[in-house]
Structure formats: C-alpha cells, structure tokens
Amino acid sequence: MTRRRSRLLAEIVTVLVAAAVAFPLYWMVLSALKPAGEIQSTDPRPWTWAPTLDSFERVLTVDGFARYFLNSVVVATAVVALSLLMSFLSAVALTRFRFRGRTVLLVMLLVAQMVPIEALTIPLFFLMRSVGDVVPAFGLNELGSLVLVHLAFSLPFAIWMLRGFVAAVPVELEEAARIDGASRLRFTWQILFPLVLPGLVATSVLAFIHAWNDFLFAKTFIISKTENQTLPQAILVFFKPEENDWGAIMASSTLMTVPVLVFFVLVQRRLVSGLAGAVKG
Amino acid sequence: MKFRTIAASLALVVAAGCAPAQSGSTGEGGDERTGTLRVWLFDEANRDPKEKVVDQAIAEFEAAHEGVTVDVQWIAVESRADKFAGAFNDPANAPDVAEFGNTDLAGYVEAGAFADLTGDVESWEHGADLLPDVLDTATVDGKVYGIPWFTGIRALYYRTDVFAELGLEPPATLAELAETARAVRQAKPDMYGISVGGKYVYAMLPFLWASGGELARPENGQWTSALTSPEAIRGVTAFADLISPGICPPEQCADFTGTQSVQAFAGGKAAMTIGGDFNRKAVEEGGLKGKYAVVPLPGTERGSIAPAFAGGNLLGVFGASERRGLGVEFAQLLASPKYQSEMYSAMGNLPTLASVQRELARNDPFLQPFVESMAAGTRFVPATPAWSQIDAQGVLPTAIQRIATGEARAREALADAERQMNEAFGG
Amino acid sequence: MATRELTPAPARTAVPPARRTRRRGRDGRSAALYLAPAAVLLLGVLAYPIYQLVVISLYDYGQAEAAGNAPLVFLGLENYADLLRRTQFWVVLAKTLGFAAVCVVGSLAVGTALAVLASRVRAVPRMLLFLAALGAWATPAVAGSYVWLFLFDADFGLVNEVLAGLGFDGMAGHSWTFGTYSAFGLVAMEVIWCSFPFVMVTMYAGIKGIPDEVVEAASLDGASWPRIATAVILPMLRPLLLIATIQSIIWDFKVFTQIYVMTNGGGVAGRNLVLNVYAYQQAFAGQEYGQGAAIGVVMTLILLSVTALYVRSQRRSVELT
C-alpha cells in the first residue's frame, strides 16, 4: 500500500467519523425544524421537506426570553473576563515566581476540582445569603451570586491550564526585557500577556461553557426574582419528556447550544494552537 | 473596593462559622400595599387553561389594587422540593404566595415558613363554606396554614368504546380490574389494559388501603411504617402486578408517573387508567370526548369502593412576606366561588367550597363518581413532616418498581422501604 | 501525593544561583500580589464552602435545622457510619466506579485515536473532524442528553427505526433506558461523545508539538507507522496523557446531568444511580443535608485516592508540568 493510498483511506475514515460525531447535532437542529406531525412519526426520516419554525416560535415566545438571554450573556461574559484576568495573574505567579508553598497551592487547585459541585450548593447558598447582607448585588436572587460561584468553579481549572502557556514563554525573554529596563509589571502586561493570549482564549472557552450551561445554581440561587432567571433555567420549562414535545425540546437545545458553538468556532484556531504552544515549550 | 467589602464580609462569616449556618427565625414580614406580589403556582400537564384563569384573576386583582403587579412563577411539581427549600432557607427572598400539595403541609409547617391563616380563613366571607374534611388537610395542630384551592380525588377512567367492542363491563372488584385489563391487552396487543406506573403512588394507595393495609401507624406520637404487614404486601403486590407484560409492560410502565399514565390513556394507548377530577381536560383534549366514562375505583369486594387518597392543593402565604395582606387577599380571590368554578371548567378541579361543589355536581354528572368516592371515605398519607422526605426520596416508587421488574420480591422490597420510612420518621 | 512531580522542570525556571535568595523574598511579595484576587475569591467561595461541607457532614442537618427551627445536634461521624452501613451505598459506589472507568477509557481511547488520525490527514478533513468534535464539546449537557435520548427513543427514535429496517424486528419499540446495562451504556456513549474532544484536542496539540525530525528519523530507520506511534510518539505524549486522564477521571466520576436526565433520575428502581445522583436523591431532595454532605466528602476522598494512585503509578515515567 502506498503512502498516498493509506492517507486517502485515513481521510475517508476521518470524514466518516466527523459525520458520525456531528450527527446528533444535525438531528437536533433537524428535529427542531420538523413540523409536529413528522417529529412524532414512528417512521423518522433524516430529512424534511417542510421545515418550519413553529417549535422555535413556541420557545421564543416565552415571556421575557430576551431578558433571560441577556442575563445569561451578562453572567457568562463577566465570568470569562474576570476569570481570564485572575487566572492569568495567578498563573504568572505560579510559574514565574519562586516562593514557599507553591507546590501545595498547585495540589490544592487540583483537589478543589474534585469536590462534587452539587454537594456544595447548600454551603454556597448560605454563603451567598450572608454576602447579600453586605453587598446586595452579589446576594441570592441576583446575577452577581451566579458570577461569583461560576468564577470560583472555573478558576482552578483555568489556572491549571494557563500554567503551561505561561511556562512556554522562554525565561530568556524576561531576562532580555529586564536588561532593556522594563519593569516586571510592564513585562507581564506588554510582553507576556499578548504571548499567552491563545492560551487565555482556550481557557476562556471552558469558563464560558461552564457559566452558560449552568442551571443548578441558577435554579437554587435565583429564588423568586423571575426577571433574573437565566436562559437554561427558563428554557428548561420545555423539557417535559412526558408530554413528548420533542420539537420544543430540540428547539430549546438548539438555542442553548448555538451561542457556545459560535464562541467555539470563533476561537477554534487559537484553541488548538494555544494548546500546541503550551506543549511545545 | 468591591473585593475589600467581600473579603471583609467573608472574614465575618468565617469567624462565625464553626457550626453549619442556620437562618434566623423567620422574618416578621410586613403589610405593604403596593409593589410586586410574587406568586408560585404549579405547572401542569396542560397549563394553558389554568394560566388563562389565573391571568383573569390577576387582571381583576390588579385593577382593584392600584400600584400592585402580580408576578407568577410556574413551579414544576417534580422539582418543587429544592425550590421550596430555597425559599425556606432564605425567607427574605421567598415569594409571597405559593400553591402547594396538602401532603407537603406538615413538612412545610415544620420549616416554619408559612403564615398562620386561621384568623384570615375565619373572617373570610366564604370561610364557613369550606368543606370541613378539606379544611382538615390544611390544618396542623389546630392552625390553618393554607386556603384549600381544590380537592383531588382519583377514580377509574375507562374507554366505553373499547369495552363495548369487547363486551366487557367496568370491573366491580380490584381482582376483576386485573382480569379485565388482561383481557383487553389480549384482544388488543398494542393497548395497555390499564395504564398505571411505578411512580404513580397515589394510584397504588387505594390498593393498599382496600386490602386492609396501611402506610404507617402512629404510636405514642411516633409513626411506624406498616408496609410489611400481610395486608400491605397483598395490596402493593396487586398494584405492582398490573405492571406486567400482560397488562402494562414494565419496559414502558415501570417509570410512568401519574401524568404519564393519564397521558397514555388520553393518547388512546390504554383502555383504563386511574385519573383525577383534574385530569378531565387532558383526557378530553386527547380526543376521547364521548368515548370514556368514570366510575369509582372498586374495592376488594363487590359493591365496595376502594378508599381514595384525599389529595388537594392549598394556597399559603409566606410568613416573611412583605405584603401579607395582599397575599391573603389574592389567595382568597383565587379560592373564591367565582374562580373555583372557573378552575373547574378549565381543569376539572373539584371545588373545596360546599356550595360550589353541590351546585356543580347537580349540573355535571362527570363529578358524580368523584363525589361518590369522597363520600365512601378517603384516606391520607401520614400527617408528619417526614412524609415530604419519604416522598422526595422516592421510597415507595422504588419499592413498586423493584417488585414490578422482578428485581426483588415484594416482602424484600417493602422491608427496605419500611426501613427507609422508619429512618425518616425517626428523625 | 504528587508533590514532587508537580514541581516544574528546573530548566524552565532556572535562575542564577547567586541571585536566588534575594529574588525569593521579592518574588514572595509580588507573587502574593498577583495571587491575591484569585486567592481571595477561591478562599471565600470555594475553600470556605468546602470547609462548611465537612462541618455540615458532622451534624444532623436537615431542612428544619437549616431554617433555624430546630436545634443543631452534633453527630460526629454518625452520618459516615450510617452511610457505610447501607448496602445500597456500596452497590452505587461499585456501579459509579465501573461507569466512570468505562467513560474514562472510552474518551481516552477515542480521543487519542482520533488525534493520531487527525495528524495524518490533510487540512480539510481535519477541519471537518475538529468542527464536529467542537460541536459535541460545546453542546450543553442537558441538550446533549435529550438529543441522545430522542435518537434512542423507543417509539420515535431513529435508531430503533433503522435497526428494525435492517431486519431486527424485535427492535421496534425497544426501550434502551429500561435495562441496567443498556441504560448505562447509552449514557456512557453520550458522555464519551461530549468528553473525547478535550482529549483529542489536547493530544493533537501534543502530537503537533513533536518535532518532525524525530518522526522522520524513525521512519528513515524503517520503523512502521504503528511502531512509530507506540515507540516514539506515545512516550512523548505521556505528560499530556496524564493530564487528560486526571481531568477525565475527575469529570467522569462526577457525572450528574447525563444520568439524571437520561435515566430519569437514576433509572427504574434506582438501578442506574451513580454517587452524585444518589447523594442528590437521598439527601438533597430529601433535605438531609448532613447525609448529603457526608456523601460529598466521601466522594472527594475516593476521587483523591484514585487520582493519587494513578499519579503514583506514573511517577517514574513522567514529570507533571
């Protein structure tokens, strides 16, 4: 078998695998577009000749949909921005500075990820209630509480990932900058920051998914203020499999997935090159 | 500085935190006359008609109270436990009014969240008209914690067309019920003889009670599970046996909830089901209008009626509500004769006011079997805070499912359930 | 513990020895400054709740206690003893370990295999594969669970339809979520589907990081492709594989949403419960927070020891950076 032949075979396999992996997503969008009669059909077909936006309409006409969407965007954006800033600074400290207790800190970051999030809802609930007494904007029923919690849950993994990216920037560069008279702070922001940007993007993806997909905390913390609900929480109203309204379920799923997907595709190149960069170093 | 404040407050909490956090005693609440009144109502299998009636009531209420807006949040029945727990743990952010099931009453009262409405019910113009039995299900230690909104009684729905075609009669005993169901599925293999489910506890209870069994017995103020008595085992087994390939195959039915069981019947997939008065709309909208009838669920002996579970929902006002007066007035409006009748026509809900119920039963033969079941005597789950927990942990559904799937024998499954119940009762 | 491995390779942070002492002091102060924002947040919103979790697990702490209507009773380790006495706990634990193992091995195998595949094809097929994988990765757990559930739906699902069409008549109306193993299998497939992309992207990045000369040299020596893969590439990927494995273990041991949604809260008669869902059903829905906290602590400890064991087994072969 020649090399070219085997590569062609590999490529065919790749495309087939890609199709298989993408199929559930295709099925989700397709089912969302099918008219009601076709979804409940016992003879499902992988195409439709009569696409309709009925299912989307049912979901989108939820009162206050725009508001919930905006809430989710606000929470996710705040979490991404803050976690990037914080994890970048911490990663710099953990890779570039030598101080006692560093190893312990690293182990702690790993351990922190092992605690089941669901079990923490109760202590966090009471914590947020106390926080709310001091800073109302971060208390229960407010979006701020969600930002704090998601930030705390994304940080350990973000710092853990970013360490690799920061470590990949050669130390000689820092020495050179110092000789040129740049302060450490300036080096960090003007040289290091742009260099690890791909890594930051890769990390932000995970923080974004985390904040965007959550419904556990949204459900627990946003007790009675309906105007502060987030999208997954509002959309979950449609997840009632006992009624077999698969059209609405698939439409809601599509609406939940699309923003993350767009975000992913936008940062896709940097994600891969970022990870690669971290490894090459 | 944002962080400094947070850090300061955290330091405060840490210093205080050697024991788990506890809420202070429930806030005093207040009686503001304007602002947003937050209301929690249960989401239903078919919410539209309920929502329409509620919207109408809101419009009336807002027109009568200037500067008041009513904000309704629809709560899924299945996930109500965490929702209410959140409200109990942070009274300051709890809603003002909530609909809740009478089985949860004891637990909610123990959490101390709901306001004592005894005086409000007494002074209410329709207060005296509330059916005494129904008001009992809203009462703990002589205090009323909710205004009964509607009663839920379940009876046997069956397909008149299918029964006529196969020459069957509505069953007169529970044993006949199983036979009839088997006969239907034999003749029509793509139909369930009766659609019931492993998670449909309220359909199982009449079987348990009709066989002479009991869920639990109170002894010296302490409840003890009675699930392993021979009567209880017989009753639960009779129900679990319906979830079998010859009647309602476990692959489909073992996981059915009450809603799903009724949905299957409404969708024409079953010849019988156990459904409530409140399920009428769902059944008729499924296209079965004129093709079904309802009879009381029979007991073990000919001519007897199996004790029905006296379900029902109440409207309570949170103790910490800043708008107690408005909350009570809104609950009273929803429970008024006008809206009880509206809810009856919208959902089929059985009214809790004697006059309304009499009036409706006279004009509508549909209500007859439910009223009859009620008159034959109803039973209730153990009136203890532990019941909410037993319910939330799915103790009984798990037992039914284990028997139905053959994973455990009835005695074994019920012994496990008994242990879990006693653990909950014990504290 | 993994302490030694966690120290970054010395070459990277090498500082001339003469200046080390003075820098260390200065570094300590700047490090504190850089770490402060994350540290404050993590201490407050993560470390403190974890501490509270442990405290709660020592009390009889239910809804009435939380709402302040009943006095707190200190139980010591009673919640733990109670948990360990229950047969169901051990059954669920065994199922959780088995389920997590299948998911971890599955995502690692699929992810690594596809990463190798991706490194051998041209840009267009590779991009297709990456887009598809990123799509699976991006799908929220709830949405993904429902889509898979719908594909395998007994009456309206495509899978049964196709199988019946292929002549497996018994598959029409077959319920995939009823049997214990078939339900676990279905959930595992969904979990692998949405977690292999992380492994794939990481491993692909690792493969790309291997200098071309190394592979070329090996192939010039006449090594076959499988031989290059196992003898040259795999050892160089070990550090990354270690990270991917640890992350997968952490994620898959704690799977919650997929089980909860796809098996409708733990399957018929609780046959498909995993620890996290078990804790939720028994403790949090039942408002026995003390019990739930104990399960949470036990889970963390198990996860910790599994990870530590794994890291130890890899100790000599890699350095974790």
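The values are calculated or read from the model by the stated rules, or taken from the named source; none is laboratory data. Just so you know, these numbers come straight off a predicted model, no measurement behind them. In this analysis, Cβ positions are derived from the backbone assuming ideal geometry, glycine residues included, and neighbour counts consider all displayed protein chains.
For the residues B:404, B:413, the requirement of being within 22 Å of residue B:78 (Cβ to Cβ) and either at pLDDT 90 or above or buried (at least 22 other Cβ atoms within 10 Å of the Cβ) (or both) singles out B:404. Consider residue A:89 carefully, then state whether it is farther than 30 Å from residue C:132 by Cβ, at the interface with chain C (Cβ under 7 Å from one of its Cβ atoms), surrounded by 20 or more Cβ atoms within 10 Å (Cβ to Cβ) and at pLDDT 90 or above. Answer is yes for this residue.
Does residue B:70 meet the test of being closer than 24 Å to residue A:222 by Cβ, assigned to a strand (DSSP E or B), more than 10 Å from chain A (Cβ to nearest Cβ) and touching a residue at least 60 places away in the same chain (Cβ under 8 Å)? So residue B:70 passes the test.
Output the qualifying pairs, or none if there are none: Cβ atoms under 7 angstrom, residues six or more apart or on different chains, first residue in the stretch A:2-30 and more than 9 Å from chain C (Cβ to nearest Cβ), second residue part of a helix (DSSP H, G or I). Here the result reads A:29/A:254, each pair linking the stretch A:2-30 to a residue that is part of a helix (DSSP H, G or I). Scan A:94, A:82, A:110 and give me the residue that is surrounded by 19 or more Cβ atoms within 10 Å (Cβ to Cβ), under 20 Å from residue C:243 (Cβ atoms) and modelled with pLDDT of 85 or more. Every option except A:94 fails the conditions.
Summed over the stretch A:116-137, residues that are under 24 Å from residue A:90 (Cα atoms) and under 19 Å from the mean Cα position of the chain (by Cα) total 2. With respect to the conditions (1) of a type in the set (S, T, N, Q); (2) in contact (Cβ under 8 Å) with a residue 40 or more places away in the chain; (3) more than 12 Å from chain A (Cβ to nearest Cβ), residue C:264 lacks only one, and its number is (3). If you go through the stretch B:227-243 and pick out every residue that is of a type in the set (Ser, Thr, Tyr) and either within 14 Å of chain C (Cβ to nearest Cβ) or in contact with a Leu (Cβ under 6 Å, 6 or more places away or on another chain) (or both), you end up with 1. Counting only residues that are among the hydrophobic types (A, V, I, L, M, F, W, C) and over 11 Å from residue B:151 (Cα atoms), the stretch B:342-374 holds 9 of them. Here the stretch B:368-399 is the region considered, the condition is being of a type in the set (S, T, N, Q) and away from chain C (no Cβ under 14 Å), and the residue that is surrounded by the fewest Cβ atoms within 10 Å (Cβ to Cβ) is B:368.
What is the residue count in the stretch B:299-347 for residues that are out of contact with any helix residue (DSSP H, G or I) (no Cβ under 6 Å at 6 or more places or on another chain), more than 24 Å from residue B:275 (Cα to Cα) and part of a loop (DSSP other than H, G, I, E, B)? Final tally of qualifying residues: 3. Residue-level check: of (1) farther than 30 Å from residue C:71 by Cα; (2) surrounded by 20 or more Cβ atoms within 10 Å (Cβ to Cβ); (3) within 12 Å of chain A (Cβ to nearest Cβ); (4) charged (D, E, K, R), residue C:288 misses just (1). Within the stretch A:99-128, no residue satisfies the criterion of being within 7 Å of chain C (Cβ to nearest Cβ) and at positive phi. Checking each residue in the stretch B:89-102 for being assigned to a helix (DSSP H, G or I) and more than 16 Å from residue B:314 (Cβ to Cβ) picks out B:89, B:91, B:92, B:93. In the stretch B:238-257, the residues that are of a type in the set (Phe, Trp, Tyr) reach residues that are in a helix (DSSP H, G or I) and buried (at least 24 other Cβ atoms within 10 Å of the Cβ) with C-beta atoms within less than 6 angstrom, at least six apart or across chains, in these pairs: B:239/B:204; B:239/B:207. Which residue, of B:132, B:148, B:171, is assigned by TED's automatic domain parsing to the domain that holds residue B:332 and in contact with a Ser or Thr (Cβ under 6 Å, 6 or more places away or on another chain)? B:148 is the lone residue from the list that is assigned by TED's automatic domain parsing to the domain that holds residue B:332 and in contact with a Ser or Thr (Cβ under 6 Å, 6 or more places away or on another chain). For beta carbons closer than 7 Å, sequence separation of 6+ or different chains, a first residue in the stretch C:38-61 that is more than 8 Å from chain A (Cβ to nearest Cβ) and a second that is surrounded by fewer than 18 Cβ atoms within 10 Å (Cβ to Cβ) and of a type in the set (Val, Ile, Thr), the qualifying pairs are C:59/C:73; C:60/C:73. Residue B:124 passes every criterion in (1) farther than 13 Å from residue B:314 by Cβ; (2) in contact with an Asp or Glu (Cβ under 7 Å, 6 or more places away or on another chain); (3) not β-branched (Val, Ile, Thr) apart from (2). Annotation note: of A:131, A:166, A:149, the sole residue that is out of contact with any Asp or Glu (no Cβ under 8 Å at 6 or more places or on another chain), more than 9 Å from chain C (Cβ to nearest Cβ) and in a helix (DSSP H, G or I) is A:166. Here residue C:245 does not qualify as among the polar types (S, T, N, Q), within 9 Å of another protein chain (Cβ to nearest Cβ) and within 19 Å of the chain's Cα centre (by Cα). For residue C:250, the conditions (1) buried (at least 24 other Cβ atoms within 10 Å of the Cβ); (2) under 16 Å from the mean Cα position of the chain (by Cα) are fulfilled apart from (1). Only residues that are under 22 Å from residue C:42 (Cβ atoms) and either modelled with pLDDT of 85 or more or of a type in the set (Ser, Thr, Tyr) (or both) were counted across the stretch A:167-191, and they come to 1. Can you tell me which residue in the stretch C:111-138 is farthest from the chain's Cα centre (by Cα), limited to those that are touching a residue at least 24 places away in the same chain (Cβ under 8 Å) and more than 8 Å from chain A (Cβ to nearest Cβ)? Restricting to residues being touching a residue at least 24 places away in the same chain (Cβ under 8 Å) and more than 8 Å from chain A (Cβ to nearest Cβ), the top hit is C:119.
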